[in-house]
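**Q** Okay, here's the structure, questions in a sec.
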Amino acid sequence: MSVRQTPSGELLGSYPDFGLSCRYDDDDDPAEVTLFPGEELSTTEWVTADLDSAVSLDEIR
């Protein structure tokens, strides 16, 4: 698996926004989060990530 630097905020601003919803496996102590389309259908209907692999949106933007 390769690692690369997160793009700058300016580059991220040019990417499209997506209406996503999410659910946790346990509301009190989540270990997994599942993202799925909030309104529209997409090619991938859902994506699940475990806590060790997930990155906060604050860290991305």
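Read-outs: derived from the displayed coordinates by stated rules, not from any lab. Note that the structure is a prediction, hence the values are computed from the model and not measured. No Cβ is skipped: glycine too gets one built from the backbone with ideal geometry, and neighbour counts run over all protein chains shown.
**Q** Taking K and R as +1 and D and E as -1, what net charge do the other residues with C-beta under 10 Å from the C-beta of T48 add up to?
**A** Charge balance near T48 sits at -2.
**Q** How far, in nm, would the chain grow between D52 and V33 when pulled straight, counting 0.36 nm per residue and subtracting the alpha carbon separation?
**A** 5.8 nm
**Q** Just to be sure I follow: if Rg is taken over the C-alpha atoms of region 13-60 and Rh is the Kirkwood radius over the same atoms, what is Rg/Rh?
**A** Reported Rg/Rh, Kirkwood definition of Rh: 0.99.
**Q** Just to confirm a number: summing +1 for Lys and Arg and -1 for Asp and Glu over residues other than T34 whose beta-carbon lies under 11 angstrom from that of T34, what do you get?
**A** -3
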